[in-house]
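Colleague: This is the structure I have questions about; it appears just below.
Bear in mind these aren't lab numbers, they're just calculated from the coordinates by the rules spelled out. None of these values were measured; they are calculated from a predicted model. Methodologically, a virtual Cβ is constructed for each residue, glycine included, from the backbone with ideal geometry; neighbour enumeration extends over all protein chains shown.
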Amino acid sequence: MTGIDWIGQTTAVVAMGALTYGAIETGSAGFTAPWVITAFAVASAALAAFLAAQARGRHPMMPLDLFRSRTVTAAVVIGFAFIVGYYGLPFVISLYLQQERGLSALVTGAAFLPMMLTGAALTPFSARLAERAGTRTLAVGGLALMTTGLLLLALLPTSAPAWAIAALMVLVGLAGPLVMPPVTAVLLNAVPAHRAGVASGLFNTSRQVGGALAVAVFGALLTQPAGFLTGMRESLIIAAAVALAAAVVGPRMTPAKCL
């Protein structure tokens, strides 16, 4: 039975907590606020301690040699980037529809139905599509659709009807079954069987970090002095840029085994 990486777990929690807190407080206090600077300093120190523990520990929770594989690195980046858009979009748009457009919670939820139902309907066919088009092609295509949808939503005029917003969100919904299943499959095929659990955990952690930071950063942007609409557009553009960066990384995934 392997030991527990207490140092790694503790420093990871501290780093993530301090980073998220700093990102949230930046929106109202600004980057120069003492507690914001302190939070980012703590996050940096904890991250450095975490990486040192992973490099030197006997039973690291995140073995750094996994990143020798281009596939593992690309999958972690894609997992992070995908959730930034997939979690960030509902957070931003739901607030926009209710606070700025005056829609009820029920109508706002209905606006997300096309996005969610489209993704759910396509999911059973994800494996078949990957066999025909290739996993990398499918993942990159899904990220391209997400990028397009997020950019169009950011550029959409405030007078656009709710149905137009719902239609554009479908592009992001399509990215779900096109990106996550094939990337997960490629990742697990690229590592030895005894490291599949660690690789899967690393991949899921990257997604959770992406979701947490998306909500923290976008929430800070929405409360900035420039106003809600400016913050919303900036949030969607950031999410689109992150998705585009992941699409560029996508072709680096290969089926080669890592050490």
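Colleague: What's the FRET efficiency of F228 with Q208 using the Cβ-Cβ distance as r and R₀ = 35 Å, to the nearest 0.05?
Modeller: For F228 and Q208, the calculated efficiency is 0.85.
Colleague: What ³J(HN,Hα) values, in whole Hz, does the Karplus curve 6.51 cos²θ - 1.76 cosθ + 1.60 give for the stretch 70-79 when θ = phi - 60°, with x put for Gly and Pro?
Modeller: Computed from phi, the couplings for the stretch 70-79 are 5, 5, 4, 4, 5, 5, 5, 5, 5, x Hz.
Colleague: Now a separate question. According to the Kirkwood expression over distinct Cα-Cα pairs, how big is the hydrodynamic radius of the stretch 1-139, in Å?
Modeller: That comes to 19.0 Å for the stretch 1-139.
Colleague: Moving on. Provide the net charge surrounding A239, with neighbours chosen by a C-beta distance below 15 Å and charges set as Lys +1, Arg +1, Asp -1, Glu -1.
Modeller: Taking every Cβ under 15 Å from that of A239, the sum is +1.
Colleague: Same structure again: What ranking do H194, H59 get, fewest neighbouring Cβ atoms within 10 angstrom at the top?
Modeller: H194, H59
Colleague: Now for a separate question. I need the per residue convex hull volume for the stretch 1-62, using only the alpha carbons, in cubic angstrom as a whole number.
Modeller: Hull volume over Cα atoms, normalised by residue count, gives 60 Å³.
Colleague: In the stretch 44-98, what chymotrypsin sites (Phe, Trp or Tyr not before Pro) fall in a loop by DSSP, with at most 13 other Cβ atoms inside 10 Å?
Modeller: Hits after loop and neighbour filter: nothing returned.
Colleague: When only Cα pairs under 8 Å and 6 or more residues apart are kept, what is the percent relative contact order across the stretch 63-252?
Modeller: 42 percent
Colleague: Moving on. May I have the pair-distance distribution P(r) for the stretch 203-259, computed from all Cα-Cα distances with 5 Å bins from 0 and rounded to whole percent?
Modeller: Going from the shortest bin to the longest, the percentages are 4, 16, 17, 20, 16, 10, 7, 4, 3, 2.
Colleague: Near L138, within a Cβ-to-Cβ distance under 11 Å, what is the net charge of the other residues, with Lys and Arg +1 and Asp and Glu -1?
Modeller: +2
Colleague: Could the peptides 25-36, 131-142, 109-120 be put in order, highest first, of the mean number of other beta-carbon atoms found within 10 Å of their residues?
Modeller: In decreasing order of mean packing, 25-36, 131-142, 109-120 become 131-142, 109-120, 25-36.
Colleague: For each of D65, D5, count neighbouring Cβ atoms within 10 Å of the residue's Cβ, then give the residues from fewest to most.
Modeller: Fewest-to-most Cβ neighbours within 10 Å comes out as D65, D5.
Colleague: On each of the three principal axes of the Cα atoms of the chain, give max minus min coordinate, whole Å, ordered largest first.
Modeller: For the chain, the Cα spread along each principal axis is 58, 54, 29 Å.
Colleague: Between beta-carbons, use under 11 Å as the cut-off and find the net charge around M253, counting Lys and Arg +1, Asp and Glu -1.
Modeller: With Lys, Arg at +1 and Asp, Glu at -1, the neighbours total +3.
Colleague: Could you please tell me the mean projected area of the C-alpha convex hull for the stretch 68-143, averaged over all directions and given in square nanometres to one decimal?
Modeller: That works out to 6.2 nm², a quarter of the Cα hull's surface.
Colleague: Find the centroid of the Cα atoms in the stretch 207-241 and in the stretch 4-71, then give the distance between the two in whole Å.
Modeller: If we compute the Cα centre of each part, the gap is 21 Å.
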